[in-house]
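Taken together, the values in this text are just the output of simple stated rules run on the coordinates, not laboratory data. Source: prediction; values computed, not measured. Here the Cβ is made from the backbone with ideal geometry for all residues, glycine too, and neighbour counts use every protein chain on show.
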Amino acid sequence: MNVFSWVLLIAGIAIELICCLGVAIARDTPERLHYVAPAAVLGAPLIGGAILAHESFSQSGMKALLVGCILLAVAPVLTHATGRAEHKRRGRVE
């Protein structure tokens, strides 16, 4: 593994661990969502980028790129929908 892929991997793992710790200590759902979003939008694509940097454009590298792109596209929408559903459950949204 080259240095660039190690840097991406360590950064992605660090973001994931920090977000997991934040979810564990958060009090309620809206607070937890603030920790879930960066894990999906930053951590997972960085780990996918590390795989792509290591594997190049092989089959596993392309799969990592595909998963990273899907997470970047879908995670913000899912986070917003979860937050809206929680607010609706609490009666704050009509």
Problem - Residue-averaged [θ]222 nm for the chain, counting only DSSP H segments that reach four residues, each worth -39500 (n - 2.57) - result: -27500 deg cm²/dmol
Handout entry: Neighbour-limited loop hits for chymotrypsin sites (Phe, Trp or Tyr not before Pro), the stretch 1-68 (at most 10 other Cβ within 10 Å; DSSP other than H, G, I, E, B)
Key = F57
Fill in the blank from the handout: For the chain, the longest principal axis of the Cα atoms and the Cα long axis of helix 44-55 enclose an angle in degrees, to the nearest 10, of 10
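Filter the trypsin sites (Lys or Arg not before Pro) in the chain to those in DSSP coil with at most 15 other Cβ atoms within 10 Å of their Cβ, and list the result. Intermediate results must be reported in sequence, preceding the final value.
Numbers: sites: R27, R32, K63, R84, K88, R89, R90, R92; in loops: R27, R90, R92.
Sites meeting the loop and neighbour criteria: R27, R90, R92.
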Handout entry: Cα-based shape type of the chain, given that a ≥ b ≥ c are square roots of the gyration tensor eigenvalues and the cut on a/c is 1.5
Key = oblate
Handout entry: Extension gain, T82 back to A24 (0.36 nm per residue minus Cα-Cα distance, nm)
Key = 19.1 nm
